[in-house]
Structures are given as structure tokens and as C-alpha cells.
Amino acid sequence: MSVKNSIENSQGERFQFGANWQSFLSTLNDERILEAERSLSDMLKIDNLVGKRFLDIGSGSGLFSLAAKRLGASVHSFDYDLKSVNCTKELKKRYFANDNSWTIEKGSVLDKEYLTSLDKFDIVYSWGVLHHTGDMKSALENALLPLSDQGVLFIAIYNDQGNRSKLWRMVKKTYSSSRVGRMLISSIFIPIFALYSILVGIIIYKNPLHQFSSYKAQRGMSIYHDWIDWLGGYPFEVAKPGYIFNFYKSHGLVLDNMITTNGWGCCQYVFFKH
Ligand SMILES: C[S@@+](CC[C@H](N)C(=O)[O-])C[C@H]1O[C@@H](n2cnc3c(N)ncnc32)[C@H](O)[C@@H]1O
């Protein structure tokens, strides 16, 4: 058994990301796709990706591979979860059926041999993935393997909130442990999330449904599917921005753009190799 397999198999129950993404695909529309494109263009500070090679590590629904394709890139997508792989294939079938510049397969970012076997890419994108592998440090390192000289690395990693993050880890572990765990956590948190969203809508926007209808502006995502991802996304690790900055600085990368949060959620980083 390889090191990668022993780590991934020893984690016990994992969140079924792919099942959540399959359900998300039923909500996908042009507006969400445009938001996904916008989130890529804004963070990468580009108008298009014509002539660029784009690697999507942990492609999930496949929405960002699709966005990169629509911006003109050639794309390789991979994910550890077969259902996520199938979601990405479904999007290719819907929007780029006969295009052979988009390849999709099952693979793990913890599999160093696999990463080394890939071509080199101008953009390596891994949003909300490396902290869900069970070995974030290796994943952060391996993401560099397919990066071309002068390539750009765009990642998002959950912010380290100290004890709050430890609590969230327990919530996610419980959710992913069994059907009972899932029902317990969902029955506590979904009503809290819903009530909170309604109250924010009423108090700030004078519209109880505002948070639900405006959520797609968050990278084209769906509020309900993100709630499930937050409650279940396990394995789960976190990092402070300083850690990520120093980690990649020590590997010779320069920070070009970032969006951080003091609270719950992911910090986004764009680094370039020079
Ligand atoms: C929160 S989702 C993010 C999906 C997508 N990147 C996005 O931004 O919407 C995390 C994804 O990482 C995938 N994943 C988890 N461990 C992985 C690994 N070792 N290698 C590749 N993908 C992995 C999961 O299957 C899931 O599809």
C-alpha cells in the first residue's frame, strides 16, 4: 500500500463531497457560471485564459474547470471522489462535449507519483481542497509539482480560528461518522443557519430572503449545498494566512493577490513562481 493510500484509508469515514456536488448540479445555470468565471478573472486579474494550461485539483462539481474552459484555457481536472469526477464529466458533456482540450480523471493530490506524471500548467487551481485531504502539508507541497516556471498557484484554505476551528472539526467529524451523526448535526445546524440568514436579511436588507437569493454571487455557489459542505467537510484542517504565506515563500513563490477573513471561511491566495 502506498503512503498516499495508507493516509487516505486510515481516515475512516470521509464526507461524500461528490454526492453534494451531484445535487448542486441541478441548481446550475448561466448566472452561476458567470459568477464562477468572474471569481476566477478577478482573483487572477485577467480578462481571459486563452492559450493557458489550467489544472483544477479537486474539481468538485467541475464548475471552475468549466469557467476556465469558457475563458479559453485548456483544462485538466481531477478529484479523489468518483462522483465529483462524474459531475465534472457531466459539465463537459453539457458544454464542451467534443472538446479534447479538457481532460478529466480520478486522482489524488496526495499521490506524488500522479502529480509528477502530469504536464506542467500555467495555472494550478485548488479551491477549498488541500485542507480536506487528511494531510494538508503534503497537499500544499504536491500542488507545486505540476506548476510551470512562472506559473500561478491559486488556492483557498480554511482560516485557523483556534478553538472555534477545533469545534468545527468535531462537528464535521460527527456528521461524517454515521447516518445518526449526519441527522443529529443537520437537525441542529440547518435551522440555525436558516434562521440566521433570515434575520440578517430582515435586519440588514429588509428582505428575509435576501441571503438566499444573493448567495450565488459567492463564486456561483448555492447556500444550501455550502451549508452541507461546511457541516460535513471532513477531513478538515485549517491554516493562518501567515503560515500559507511563509510556506510558499520558503518554496520560492511570491504572493500576488489574497482575500483573507478573520472569521469562519476560506482565505484565498494567488502566488506566482519566478
Ligand atoms: C469543498 S470541495 C471544492 C470543490 C471545488 N474545488 C470548488 O471550488 O468548488 C473539495 C473537493 O476536494 C476533493 N478532494 C478531497 N480530497 C482530495 C484529494 N486527496 N485529491 C483530490 N481531490 C480531493 C473532494 O472530493 C471535493 O470534490
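The values are calculated or read from the model by the stated rules, or taken from the named source; none is laboratory data. Everything numeric here is computed off the predicted structure, so don't read it as measured data. Cβ sites come from the backbone with ideal geometry, for glycine too, and all protein chains shown count toward neighbours.
Within the range 207-232, the set of residues being in a helix (DSSP H, G or I) and among the aliphatic types (A, V, I, L, M) comprises Ala217, Ile223, Ile228, Leu231. When every residue of the range 254-267 is checked against the conditions, at least one turns out to be closer than 30 Å to Leu199 by Cα and surrounded by 20 or more Cβ atoms within 10 Å (Cβ to Cβ). Would you check which residues across the range 136-156 are of a type in the set (A, V, I, L, M) and within 11 Å of the ligand (Cβ to nearest atom) and list them? The answer is Met136, Ala139, Ala143, Ile155, Ala156. Test Val254 against the stated conditions and say whether it is assigned to a strand (DSSP E or B) and either assigned by TED's automatic domain parsing to the domain that holds Phe154 or free of Cβ contacts under 8 Å to residues at least 40 places away in the same chain (or both). So Val254 passes the test.
If only residues of the range 76-135 that are without any contact (Cβ under 8 Å) to a residue 60 or more places away in the chain and in a loop (DSSP other than H, G, I, E, B) are counted, the one that is farthest from the ligand (Cβ to nearest atom) is Asn98.
Of the numbered conditions (1) under 20 Å from Leu153 (Cβ atoms); (2) assigned to a loop (DSSP other than H, G, I, E, B), Leu40 fails exactly one; give the number of that condition. If we test Leu40 against (1) under 20 Å from Leu153 (Cβ atoms); (2) assigned to a loop (DSSP other than H, G, I, E, B), just (2) comes out false. Only residues that are assigned to a helix (DSSP H, G or I), surrounded by 15 or more Cβ atoms within 10 Å (Cβ to Cβ) and either charged (D, E, K, R) or free of Cβ contacts under 8 Å to residues at least 40 places away in the same chain (or both) were counted in the range 156-183, giving 6.
Are any of the residues in the range 175-185 among the aromatic types (Phe, Trp, Tyr), modelled with pLDDT of 95 or more and touching a Leu at 6+ places or on another chain (Cβ under 9 Å)?
Among the residues of the range 175-185, at least one is among the aromatic types (Phe, Trp, Tyr), modelled with pLDDT of 95 or more and touching a Leu at 6+ places or on another chain (Cβ under 9 Å), which makes the answer yes.
Of all residues in the range 251-268, those satisfying the criterion of being under 16 Å from Ile123 (Cβ atoms) and not aliphatic (A, V, I, L, M) are Asp256, Asn257, Gln268.
Can you say whether Ile46 is within 15 Å of the ligand (Cβ to nearest atom), closer than 23 Å to Asp119 by Cβ and surrounded by fewer than 24 Cβ atoms within 10 Å (Cβ to Cβ), as far as the supplied structure shows?
For Ile46, the condition - within 15 Å of the ligand (Cβ to nearest atom), closer than 23 Å to Asp119 by Cβ and surrounded by fewer than 24 Cβ atoms within 10 Å (Cβ to Cβ) - is not met.
If you go through the range 184-206 and pick out every residue that is of a type in the set (A, V, I, L, M) and outside any helix (DSSP H, G or I), you end up with 0. Restricting attention to the range 208-244, the residues that are more than 16 Å from the ligand (Cβ to nearest atom) and either within 18 Å of Arg164 (Cα to Cα) or surrounded by fewer than 17 Cβ atoms within 10 Å (Cβ to Cβ) (or both) add up to 10.
Among the numbered conditions (1) under 25 Å from Ser187 (Cβ atoms); (2) at pLDDT 95 or above, the only one that Ala239 does not meet is (1).
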